[in-house]
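The values are calculated or read from the model by the stated rules, or taken from the named source; none is laboratory data. Just so it is clear, the structure is predicted and the values come from calculations on it, not from any experiment. Heads up, the Cβs are rebuilt from the backbone with ideal geometry, glycines too, and the neighbour counts pull from every protein chain shown.
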Amino acid sequence: MRPHLNDLTGTPLARLRQKGKWLDYLDTVLDSQTVRSAAKRVGVHPNTTFRWRHRFLDRVKDDRAERLVGIVEADETFLLESQKGSRKLDRQPRKRGGRAALRGISRRLDCILVARDRSGQTIDAVTGRGALKVAQLVRHLLPKLNPQALLVTDANAAYPAFARAHGIAHQAVNLSAGERVRKGVKGAIHVQNVNAYHRRFKEWLARFHGVASRWLPNYLGWQWALDGGRINSVEQLLRIAFGVINS
């Protein structure tokens with residue numbers, strides 16, 4: 001049975017109009033449609049579908065695992081920062097699809113941390129601009145990491161420093177030296193699952209032709225909802241937006 005569209009006070013959906021079209025709109029979310037294609041399909045203005053997108057995703061982005069257990073892979077990936085939609089930029093404007101002015105991991109890149117255990121439970125965070133730091137791991141990863149977990153990462157120096165400081169078992173693979181997988185006591189030591197998740201996220205994100213950095217957490221939540229068919233009905237999305245469930 002579909003949930004009733006009432007009692008929205010205190011939810012991200014408060015004061016949104018045209019409730020009769022919400023379920024049709026959520027079908028476009030499940031289909032990962034762009035703002036314009038969703039607007040055309042539902043019969044509303046693109047500004048409306050943009051507003052609905054981020055209201056509905058506001059709680060979806062927080063619908064995450066409480067704990068990562070067993071072997072936990074962690075790695076970061078980077079996207080060129082975007083101030084799309086901003087009226088004031090803190091840099092010179094660039095063409096769509098542009099590149100960072102500086103080489104390497106610069107302050108023009110958004111750092112996205114993803115950690116994933118072997119059961120598929122996943123957490124992610126936009127940690128900030130530039131290279132990953134130990135303090136960011138403490139903030140975003142430590143609260144979600146089971147104390148008995150084995151953390152597996154690449155050779156980034158932030159990870160062993162974090163693990164030593166907090167008594168976490170840690171193994172690293174040296175990807176730059178061509179190491180991909182090695183045997184471990186608890187299982188295979190690699191970061192292939194989390195790297196595959198990075199790849200799926202970026203391939204999925206490409207359809208939107210660039211998203212503003214401020215909205216990246218919402219898109220990460222959207223991809224997590226859809227990944228592997230974890231969320232496959234408008235009812236599930238609507239219940240999360242209402243705050244009725246948190247899987």
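Restricting the search to region 117-153, which residues are in a strand (DSSP E or B), in contact (Cβ under 8 Å) with a residue 60 or more places away in the chain and within 16 Å of Lys61 (Cα to Cα)? Once the filter is applied, which keeps residues that are in a strand (DSSP E or B), in contact (Cβ under 8 Å) with a residue 60 or more places away in the chain and within 16 Å of Lys61 (Cα to Cα), region 117-153 yields Thr122, Asp124, Ala125, Val126. Of all the criteria given as (1) more than 11 Å from Asp63 (Cα to Cα); (2) modelled with pLDDT under 95, the one not satisfied by Tyr219 is (2).
Go over the candidates Arg164, Arg200 one by one and state the one that is assigned by TED's automatic domain parsing to the domain that holds Leu109 and surrounded by 13 or more Cβ atoms within 10 Å (Cβ to Cβ). Lay out the reasoning, then the answer.
On the way: Arg164 fails: surrounded by 13 or more Cβ atoms within 10 Å (Cβ to Cβ).
The match here is Arg200.
Go through Leu220, Leu150 for me and flag whichever is surrounded by 13 or more Cβ atoms within 10 Å (Cβ to Cβ) and either among the hydroxyl-bearing types (Ser, Thr, Tyr) or not assigned by TED's automatic domain parsing to the domain that holds Leu79 (or both). Steps first, please.
Details: Leu150 fails: either among the hydroxyl-bearing types (Ser, Thr, Tyr) or not assigned by TED's automatic domain parsing to the domain that holds Leu79 (or both).
Every option except Leu220 fails the conditions.
Of the numbered criteria (1) part of a helix (DSSP H, G or I); (2) touching a strand residue (DSSP E or B) at 6+ places or on another chain (Cβ under 7 Å); (3) touching a residue at least 60 places away in the same chain (Cβ under 8 Å), the one Pro160 fails is (3).
Before we move on, is Gly97 under 30 Å from Tyr25 (Cβ atoms) and modelled with pLDDT under 80? In short, yes. Residues that are assigned to a loop (DSSP other than H, G, I, E, B) and in contact with a helix residue (DSSP H, G or I) (Cβ under 8 Å, 6 or more places away or on another chain) within region 192-246 comprise Val211, Arg230, Ile231, Asn232, Ser233, Gly243, Ile245, Asn246, listed in sequence order. Pairs are defined by a Cβ separation below 6 Å, a sequence spacing of at least 6 or placement on different chains, a first member in region 180-205 that is among the small types (Gly, Ala, Ser), and a second member that is not in a helix (DSSP H, G or I); the pairs so defined are Gly187/Ile71; Ala188/Val181.
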